[in-house]
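Worksheet: the structure to be examined is printed underneath.
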Amino acid sequence: MKRYAYYLSCINESMTKEVDRSIDLWQNDLGIEFVKLHESTCCGGSNLDYVSPKHFALVNGRNIALAEKLGLDLVVSCNTCLMTIRTAKKKLDETPELKKEVNELLKKEGLEYKGTANVRHLLWVLAEDVGFEAIRQKVRVPLKNYRIAPFYGCHILRPSMVLGKDDPLEPSTLDMMIEALGGTPLPYEHKNRCCGFHTLLVAEEESLNVAAEALEEAIEIKADFIVTPCPLCHTVLDGYQAKALRQANVNSSIPVFHLSEMVGLALGYTEKQLGIKRHIVS
Amino acid sequence: MTGALELHTEEKRDITLRVFRFNPQVDSKPYFDDYTIQIEKGITVLRSLNYIKEHVDASVSFRAFCQAGICGSCGMRINGISKLACTTQVWDELSKCREAGIIKIEPLRNMPLIKDLIVDMDPLVEKMKQYSNWIETRMPESEIGKKEFLVSEEEFRKYDKATDCILCASCVSECTILRAHKEYVSPAVLLKSYRMNVDGRDAIHDVRLGELVKDHGVWDCTHCYRCQETCVKHIPIMEAIHGIREDAIEVRGVRDTSGAKHAEAFMEDIEKKGKLVEATLPIRTNGVAWTLQNLLPMAIKMILKRRTPPPPPLVKPAKGMKKFREMFREMTEHVRAEQKSHKK
């Protein structure tokens with residue numbers, strides 16, 4: 001059993017509870033164990049870094065230090081949390097004075113940011129550590145009749161100097177995951193585009209235009225569903241779908257699944273167990 | 001085996017450039033022309049286009065000048081990505097072709113088309129004007145011409161990278177929000193605004209920042225990082241955008257915008273609970289009236305699916321918050337002390 005520290009993302013604790021619920025169901029099936037970091041705090045959601053760069057370094061230095069204390073890598077299942085925490089790690093590793101300042105404060109809690117733990121997305125752990133072949137062997141209900149549009153989202157790809165796993169122009173890991181589960185990944189132009197989440201409350205019309213484009217293409221190419229490794233993308237593409245498509249005068253709909261749910265389905269869990277019935281679009 | 005060997009020794013081959021064509025004065029709709037020419041290894045896309053214009057079809061229109069990645073004229077989409085034709089090797093593009101041996105050439109996006117690969121840069125220039133992207137000197141008129149205006153190295157470093165911009169508009173072409181709304185400020189303009197705003201010689205910082213925090217300005221960026229990823233000069237454009245936001249929030253106190261309120265809510269919540277209180281985020285960003293009008297129908301759907309974020313009292317704080325809050329507040333003291341010493 002391979003162990004990892006698991007970061008609790010705010011959105012998965014509130015609006016998209018089905019993500020962690022489905023991971024809990026299948027983690028042992030794939031020979032992995034996620035140790036939840038109940039002390040971890042909000043990463044700042046790609047906002048804290050400019051509101052206060054120093055607090056940003058402290059908060060995320062601490063999040064990583066919690067994993068380091070356990071001697072484990074930190075696994076994240078939200079793209080923006082991933083990008084944010086990795087950005088902080090890069091800053092801390094490149095700026096010794098900042099690292100020192102953060103560590104002075106972390107001492108109060110008996111923590112130290114060393115820079116030893118890697119910060120990785122759930123998708124990367126499945127692809128690299130568990131491996132597609134091992135996953136293929138565990139599949140009980142292959143997704144063989146499903147045509148699936150892979151929507152990667154931005155912050156698992158860009159900025160590539162912080163992320164660096166997939167080619168941001170031609171990402172392939174999620175496509176390979178779909179194949180390993182027996183499904184058919186569709187060529188999907190919007191696979192590496194934006195969902196519009198981060199401007200939803202500031203420039204709603206623009207955000208919904210962005211989301212509508214991605215949804216429309218998936219509908220056009222006759223995908224059975226969209227899958228995304230990011231709960232923020234899911235919130236827009238599922239939760240705001242009706243509003244976005246209404247704005248774009250499109251009279252149709254398409255289900256959107258989390259990566260963790262798609263894995264769960266192929267491993268034989270039911271829609272009810274995985275929390276798929278909680279989605280807005282069914 | 002022979003295939004690999006051939007590819008290695010091959011120096012010339014027939015390659016097709018599939019070029020976007022549209023002359024609004026003549027054509028009812030755009031189309032593509034295929035030009036198949038023999039190209040040697042080491043030839044750029046721009047030289048290939050020049051060859052086509054000179055020897056195959058003189059009517060193909062594109063902009064180009066320096067041929068060395070300096071003037072920024074030949075921005076276009078090559079195999080779907082905005083870049084300079086003069087610094088793009090044909091050979092490097094072969095592995096990116098959707099159809100083997102066919103390189104697709106299209107005009108930049110998000111700008112009005114004039115003809116073929118030529119787009120209208122005027123809207124971009126107009127935005128540069130709208131956001132006052134030039135320096136108005138702080139030097140009193142009586143001293144102008146008599147005294148040098150020295151810039152420290154430390155200050156120059158703040159905008160050194162930003163001055164690398166050659167206005168090729170590749171970032172503009174790739175921008176998510178500009179595609180969603182043509183009035184959006186756009187990344188190249190934000191980069192230039194940042195560059196002017198951190199220049200100590202400038203006198204109109206506040207005017208510029210005042211315009212930047214309005215609708216369609218700096219807060220509308222959706223952090224997709226496409227601009228930065230495409231920049232032909234590798235300028236960290238997002239850092240510049242974040243720089244303007246940091247300035248708006250911390251330094252100048254331009255807080256009365258939904259963007260700033262939204263960003264600051266994160267700081268507030270992390271200090272209080274360690275977790276984001278999502279339920280009240282729309283209200284704190286845009287007020288009660290906006291929230292009721294815009295989000296009520298969806299909130300009802302979410303309640304039915306039990307997807308609503310918990311009300312503030314039910315948001316479980318992260319474990320060990322007491323110690324965390326102490327650290328957080330001590331960091332606030334550090335930041336305040338630094339700001340004080342900066343002001344001195």
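Details
- Per-residue 3J(HN,Hα) values for region A:8-19, derived from phi via the Karplus relation 6.51 cos²θ - 1.76 cosθ + 1.60 with θ = phi - 60°, read 8, 7, 3, 5, 6, 8, 10, 8, 10, 4, 5, 5 Hz in sequence order (x marks Gly and Pro).
- Residue (of A:VAL119, B:PRO107, B:THR222) at the positive-pole extreme of the protein assembly as shown, dipole from beta-carbon charges: A:VAL119
- Per-residue average of Cβ from other chains inside 10 Å of A:15-27: 1
- Near A:ARG3, the amide H atoms lying under 5 Å from its own belong to A:GLU33; only residues 5 or more places off or on other chains count, and H is placed 1.01 Å from N.
- Karplus (6.51, -1.76, 1.60) ³J(HN,Hα), θ = phi - 60°, over region B:200-217, in Hz, Gly and Pro reported as x: x, 7, 8, 9, 10, 3, 5, 5, 5, 5, x, 6, 5, 8, 6, 3, 6, x
- Derived scalar couplings ³J(HN,Hα) [region A:158-164; Karplus, 6.51 cos²θ - 1.76 cosθ + 1.60; whole Hz; x for Gly, Pro]: 10, x, 5, 6, 9, 9, x
- Charges were assigned to the Cβ only: +1 to each Lys and Arg, -1 to each Asp and Glu. The resulting dipole of chain B about its Cα centre is roughly 1640 debye.
- Straight-distance candidates among the aspartates and glutamates for linking to B:LYS272, with alpha-carbon spacing under 15 Å and chain neighbours fewer than 8 residues away dropped: A:GLU39, B:GLU264, B:GLU326, B:GLU330.
- Mean Cβ count within 10 Å, highest first, over the residues of peptides B:64-70, A:173-179: A:173-179, B:64-70
- Restricting attention to region A:140-278, lysine pairs at least eight places apart or on different chains and with alpha-carbon atoms under 25 angstrom apart total 12.
- For region A:100-149 and region B:306-344, distance of Cα centres in Å: 27
- Relative contact order of chain B, pairs being alpha-carbon contacts under 8 Å that are 6 or more residues apart, as %: 12
- With the convex hull of its Cα atoms as the shape, region B:121-254 has an orientation-averaged projected area of 8.5 nm².
- Cα gyration tensor shape of region B:271-343, rounded if a/c is under 1.5, else prolate or oblate by comparing a/b with b/c: oblate
- From the alpha carbon centroid of region A:179-193 to that of region B:232-286 is 34 Å.
- Counting, for every residue in A:135-147, the Cβ atoms of other protein chains within 10 Å of its Cβ and taking the mean gives 0.
- Exercise: per-residue mean of other protein chain Cβ atoms within 10 Å, B:326-337: 4
- Anchor B:LYS340: lysines whose Cα lies under 18 Å away (excluding residues fewer than 8 positions away in-chain): A:LYS54
- Eligible lysines near B:LYS104 by straight Cα distance, threshold 16 Å, same-chain separation 8 or greater: B:LYS83, B:LYS96
- Here the dipole of chain A is about 600 debye; that uses its Cα centre as origin and unit charges on the Cβ of Lys and Arg (positive) and Asp and Glu (negative).
- Rounded if a/c under 1.5, otherwise prolate or oblate - the protein assembly as shown, Cα gyration tensor axes: oblate
- Packing-based ranking of B:189-201, B:131-143 yields B:189-201, B:131-143, ordered from highest to lowest mean Cβ neighbour count within 10 Å.
- DSSP beta bridges in the protein assembly as shown [antiparallel fraction, %, rounded to 5]: 50
- Isolated cysteines in chain B, defined as those with no second cysteine Cβ under 4.7 Å, comprise B:CYS74, B:CYS86, B:CYS97, B:CYS165, B:CYS168, B:CYS175, B:CYS221, B:CYS231.
- When peptides A:148-157, B:275-284 are ranked by their average number of other Cβ atoms within 10 Å per residue, the highest-first order is A:148-157, B:275-284.
- Cross-link pairs beyond the 32 Å C-alpha cut-off, checked among A:LYS114/B:LYS316; B:LYS158/B:LYS322; A:LYS108/B:LYS192; A:LYS89/B:LYS192: B:LYS158/B:LYS322; A:LYS108/B:LYS192
Only the coordinates and a few stated rules stand behind these numbers; no lab work does. Computed from a prediction, not measured in an experiment: that's the story for all the values here. For neighbour counting, all protein chains shown are included, and Cβ atoms are generated from backbone atoms with ideal geometry for every residue, glycine included.
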